[in-house]
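As structure tokens, the structure follows; a few thoughts come after it.
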Amino acid sequence: MSELKIYAEPEYMSPSSIGTFNQCPMRYKYAKLDRLPEPSTEAQVLGSFVHEILEDLFKLDAKDRNESSARRIGKQLWDKSWGEEWANLPKHDSTENQFRWKAWWCVENYFKLEDPTSFEAKGIEEKVSGDIDGVPIFGIIDRWSIEDNKLVISDYKTGKKPRPRYEWEKQMQIMIYSILLEQMTTFEVGRAELIYLKSPSKAVYEPKPEVISNVKSNIVQTWDELTTSCSTGVFETRTGPLCNWCSFKSRCPAWRK
């Protein structure tokens, strides 16, 4: 048996890395500690492309935030970088035309869910960091605004809306943003929302004390498990349907024969 490798304690965790560790500590080790390369997927490129379109849309004056402007932004971004990014993917699930239509459907659906001319974004792709019950956390919020003197935190999702039994991970991530942003500003959080652009639909959450308490407990538990794994070199493998989409399946001890 090879000697276990000991790792230094990470500087911080992010909402997404907390989710990764909870799904499978071994996958977290491969991705975050060993930093093994993971090829980009078409779904990831689609999400990043749509996010940047909406990010640039909110940089315009309110009166100019319309579908025509979004279409122009999308074309400019495609010609500048995203066309090449898509072309260089190791695997394509769609033709270029199909991919661009998928992205545009997400943008069109956004306008069905919100009127971007009716409010101002106070923060776009905002970096947030802080300490939550002794755990260092860093993340990037897609967008936040002020409504009725309270924070509204919004996160775009281009994937499928999860079934209720799998919703907690997504809810926890945006609640983490809520805790951090409340620490960094003088405002309380009114609501946090996940904007599902494929559906289209919204999932809206209030930062109720029992929810925040559960989130904090999960963060502390995850951090304790992570630091223990780093100090011992023992990382659990948690198998399931998601293994079929894991870049590290071929090297994972749970799947090696």
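The values are calculated or read from the model by the stated rules, or taken from the named source; none is laboratory data. Nothing here was measured: the structure is a model prediction, and the numbers come from that model. Here the Cβ positions follow ideal geometry from the backbone for every residue, glycine too, while neighbour counts run over all protein chains shown.
Filtered by the rule that a residue be more than 25 Å from residue 6 (Cβ to Cβ) and either touching a Ser or Thr at 6+ places or on another chain (Cβ under 6 Å) or hydrophobic (A, V, I, L, M, F, W, C) (or both), the stretch 202-257 gives 203, 204, 207, 211, 212, 215, 242, 243, 245.
For the stretch 71-113, taking the residues that are crowded, with 19+ Cβ neighbours inside 10 Å and touching a residue at least 40 places away in the same chain (Cβ under 8 Å), the one that is farthest from residue 157 (Cα to Cα) is identified as 86. Of all residues in the stretch 21-37 being at negative phi, of a type outside the set (A, V, I, L, M) and assigned to a loop (DSSP other than H, G, I, E, B), which is modelled with the lowest pLDDT? Here the residue is 37. Only one entry in 178, 229 is within 22 Å of the chain's Cα centre (by Cα), in a helix (DSSP H, G or I), closer than 22 Å to residue 13 by Cα and of a type in the set (Ser, Thr, Tyr), namely 178. The conditions of being surrounded by 17 or more Cβ atoms within 10 Å (Cβ to Cβ), among the polar types (S, T, N, Q) and either under 20 Å from the mean Cα position of the chain (by Cα) or under 30 Å from residue 122 (Cα atoms) (or both) are met by residue 218. Filtering the stretch 1-40 down to residues that are β-branched (Val, Ile, Thr) and in contact (Cβ under 8 Å) with a residue 60 or more places away in the chain, which residue is nearest to residue 76 (Cα to Cα)? By that ranking, first place goes to 18.
Test residue 239 against the stated conditions and say whether it is surrounded by 15 or more Cβ atoms within 10 Å (Cβ to Cβ) and more than 17 Å from the chain's Cα centre (by Cα). For residue 239, the condition - surrounded by 15 or more Cβ atoms within 10 Å (Cβ to Cβ) and more than 17 Å from the chain's Cα centre (by Cα) - is not met. Evaluate the following for residue 225: is it surrounded by fewer than 14 Cβ atoms within 10 Å (Cβ to Cβ) and within 30 Å of residue 130 (Cβ to Cβ)? Against the criterion (surrounded by fewer than 14 Cβ atoms within 10 Å (Cβ to Cβ) and within 30 Å of residue 130 (Cβ to Cβ)), residue 225 does not qualify. Candidates are the residues of the stretch 84-142 that are assigned to a strand (DSSP E or B) and among the small types (Gly, Ala, Ser); the one that is nearest to residue 65 (Cα to Cα) is 121.
Considering the stretch 1-20, the residues that are assigned to a loop (DSSP other than H, G, I, E, B) and of a type in the set (A, V, I, L, M, F, W, C) include one that is nearest to residue 174 (Cα to Cα), namely 8.
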